[in-house]
Amino acid sequence: GSYADVNDIRIYYEIYGEGEPLLLLHGNGGSIGNFIYEIPGLSGHFKVIAVDSRAQGRSSDSDQEITYALMASDMAALIDKLGLGKVNVVGWSDGGNIGLELAYAHPEKVLKVVTIGANYSIENWMAPPDSTVMAPDDPLILKISEFMKKAGENAQSLTPDTARIPVIRQKLDNLMAKYPNFTPEQLNTINVPLLVIAGDHDMISLDHTISLYRSLPMAQLFIVPHASHLVPLENPDLINR
């Protein structure tokens, strides 16, 4: 792995494979380690640049509020610093949100974007509880909860400043509570090819995912059957293809 000074932080990244550059972005509170199945699968076809997002994994934090727009700015600066030109982006959860921001604010740096379990707004994005899928003791939900707990613990164990963990936790909670705030009209201006992926039992509601897809003029939609928000772990071969 290597570090790059971008904006007001140090970003940690790892590079695998050769070919067109592909930026790989993890979810909230995670790290590069979340992509244990994707890096081997994708690096045979692309030059994969896997990144620990701001304040997560081995990347540092600053006093700024964390927003998806700011993290997209980090990625734009990293693309320039590494001389990557235009990149493909694969983002899972928060990583998908960053991918949307990157395509919106910096389309000149983006070839294509894949979002997995992304949301474009804080309005009506979460699937409602029901008796079969989203009940608190549903196996899919328990799996998500356990993964999120372990992912957070793993990412925190890598942080360069353990004293800031409580502050970072709060900032990442605030991030999800306040952002993103795209309107369908703004999404309609993104003229970058996008593939919108979600599990049919995702924590992102199906209606929200379809609204995202319909608001993007160059999008395709792929709903993965029998899959949750953890579809990159549940069915990595399919996702990699």
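Helical content of the chain, expressed as a calculated mean residue ellipticity at 222 nm, amounts to -10500 deg cm²/dmol (DSSP H runs of 4 or more residues, -39,500 (n - 2.57) each, divided by residue number, nearest 500). Over all orientations, the stretch 6-60 has a Cα convex hull whose mean projected area works out to 3.6 square nanometres.
Taking all protein chains together and a probe of 1.4 Å, list 108, 18 from the most accessible to the least accessible.
Numbers: 108 100, 18 145 Å².
Result, largest first: 18, 108.
Please compute the per residue accessible area over the stretch 19-120 with all protein chains in place, 1.4 Å probe, rounded to a whole number of Å².
On the way: 2990 Å² over 102 residues.
Accessible area per residue: 29 Å².
The 1.4 Å probe gives accessible areas that order 214, 10, 169, largest first, as 214, 169, 10. Here the stretch 30-140 is treated as a sphere whose radius is the Kirkwood value from Cα pairs; by Stokes-Einstein at 25 °C and 0.890 mPa s it diffuses with a coefficient of 158 µm²/s.
Scattering from the chain was approximated by placing one identical point on each alpha carbon and applying the Debye formula without solvent; log10 I(q)/I(0) at 0.08 1/Å stands at -0.26.
The HN-Hα couplings worked out from phi for the stretch 218-226 by the Karplus form 6.51 cos²θ - 1.76 cosθ + 1.60 (θ = phi - 60°) are 10, 9, 10, 10, 9, 9, 8, x, 6 Hz, whole numbers, x standing for Gly and Pro. In order along the stretch 117-126, phi translates into HN-Hα couplings of x, 9, 10, 9, 8, 8, 8, 6, 9, 8 Hz, rounded to whole numbers, per the Karplus curve 6.51 cos²θ - 1.76 cosθ + 1.60 with θ = phi - 60° and x for Gly and Pro. Taking the Kirkwood radius as Rh and the Cα radius of gyration as Rg, the stretch 44-91 has a ratio of Rg/Rh equal to 0.98. The H on the amide N of residue 204, modeled in the peptide plane, is under 5 Å from the matching H of 127, each at least 5 residues off or on a different chain. Note on exposure: 106, 26 ranked by accessible area (1.4 Å probe, complete protein assembly) read 106, 26, with the most exposed listed first.
Annotation: amide H of residue 87 within the under-5 Å range of 110, 111, sequence separation 5 or more or interchain, hydrogens built in the peptide plane. Build a GNM of the chain with springs between Cα atoms under 10 Å: which of 228, 205, 62 gets the top mean-square fluctuation? Maximum fluctuation in the GNM of the chain, among the listed residues, is at 62.
Using alpha carbons only, how many angstrom separate the centre of the stretch 189-227 from the centre of the stretch 34-106? Value for the Cα centre distance between the two parts: 19 Å. Averaging 1/r across all pairs of distinct Cα atoms in the stretch 162-238 and inverting the result yields a Kirkwood radius of 14.4 Å.
About its Cα centre, the chain has a charge dipole of approximately 360 debye under the convention of +1 per Lys or Arg Cβ and -1 per Asp or Glu Cβ, with nothing else charged.
Got a number for carbon plus sulfur as a percent of the stretch 1-50's accessible area, 1.4 Å probe? Intermediate values should be presented prior to the final figure.
On the way: 990 of 2070 Å².
Carbon and sulfur together cover 48 percent of it.
The values are calculated or read from the model by the stated rules, or taken from the named source; none is laboratory data. What you see is a predicted model, and the numbers here were worked out from it, not measured in a lab. Cβ: placed from backbone, ideal geometry, glycine included. Neighbour counts: every protein chain shown. Only protein heavy atoms, including side chains, enter the accessible area calculation; ligands, DNA and RNA are left aside. Shrake-Rupley method; radii C 1.70, N 1.55, O 1.52, S 1.80 Å.
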